[in-house]
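To start, the structure under review is shown below, and the notes come after it.
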Amino acid sequence: MRLLRLQIDAILLVALSGSAVQSLYCPEGCRAEDAIVIAVLLHLVVAAENFLRVRSKSDRKSQSTPARLRHFLETIYLAIGFENTTQHTTMSASQPEVIFNSLPHADGSATYSCNGYTIIGTVNGPIEAQRRDELSEESFLEVNIRPASGTGG
Amino acid sequence: MHVLIQYAAPGPRERHLETLLYSTLRALILTHAQPRSLIQLTLQILRTPSAAASSAPVPQTATHLPWLPPLLQTGLLALLNGNVPLTGTATSVLVALSKGAGNSSAIVLDPTEKEVAAASSLHVFAWSSRGELVLAESEGAFEVGQWKEAAEAAKKRCIGAKGGAIEDADVEMGDANGVGAVQSLDSWLRTSVATEMANSTRWRGEV
């Protein structure tokens, strides 16, 4: 009887709207489409386990239904790569972060991270300009950008 | 024995971004205050969203626009930290326009990699704290009306709905923009700098 109820639970999950499934059974930052996919997978897993349990006639009544559901969900999250949900949430439109004075010997420096980008910027100046760069009326600005890896394109 | 260290070298894309940053920042720095001197700004990219997934270098065909806002923000924060005299601050944001149903288009601020790939056009806007547009770069197919909408959306994100009312900034910081409202980038910048100033002058014991 309990097995049957589990299965019905899973089918109900699929029938529920995406947002409801999302709020009930998904980690923060997971999209509604993914939530439905998870629900479908959950249904399949439950069905498969039912089949195996009926065949082996083993009984594991010690584990409650919610605990088992959670276990299944964790397995599925791992399988489809939702284990780093915190990173997923920080990627989407979050407030940027800055650390000032990250390089102690530069006149000014800041490490800025936003939307998956992390850039360290340093400023030196005003310093003596090379003779050929020197402008008599204003200061010369030099901007250097270095890529993270490989040769830039 | 021969040891070779292959360091990450800037390419044409970096050079192009340098030019864009140069012209934008030159307008913000009071260059006439210090004649015959050099202000050297170095920006090292440590991590990009695509590099987080794999260590492979970014393909040459990839758009350079998503790099621009973080680079500009970092540059400006470094200049602020280095006490370089500025006319004001600026904040910038990446906007993606994607085709919606029919003729409508959806505006996405700070789009993710996926949204960038799916977008019909990409725009980078930088707004100064006084409400002036200091940088506008666009890529892709779009119409003038869409561009204006995108610019307005970017302005809202950068300097808030008030449109650069500096005198209101203190009030804005004070009540932290309520609970539900998203803090504008300009007020975020002000808060960060104020926090940093408070931390670095703590020894005075004036706080």
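Structure notes:
- Against the empirical curve 2.2 N^0.38 Å, the C-alpha radius of gyration of segment A:93-146 lands at a ratio of 1.46.
- Euclidean distance between Cα centres, segment B:182-200 to segment B:11-29, Å: 25
- Distance between the pseudo-spin-label points of A:R131 and B:A118 (7 Å out from Cα toward the beta carbon): 5.9 nm.
- Take each peptide in A:133-141, B:82-90, count the other Cβ atoms within 10 Å of every residue, and average; sorted highest first, the result is B:82-90, A:133-141.
- Highest to lowest packing among B:30-37, B:187-194, scored as the average C-beta count within 10 Å: B:187-194, B:30-37
- Residue-wise HN-Hα coupling along segment B:140-149, computed from phi with Karplus coefficients 6.51, -1.76, 1.60 (Hz; x: Gly, Pro): x, 9, 7, 10, 4, x, 5, 4, 5, 4
- For segment A:93-146, size of Cβ-based charge dipole, Lys and Arg +1, Asp and Glu -1, in debye: 280
None of the figures in this text is laboratory data; all of them are computed from the coordinates on show. Owing to the predicted nature of the structure, the values given are computational and were not obtained by experimental measurement. As a convention, Cβ positions derive from the backbone with ideal geometry for all residues, glycine included, and neighbour counts pool all protein chains shown.
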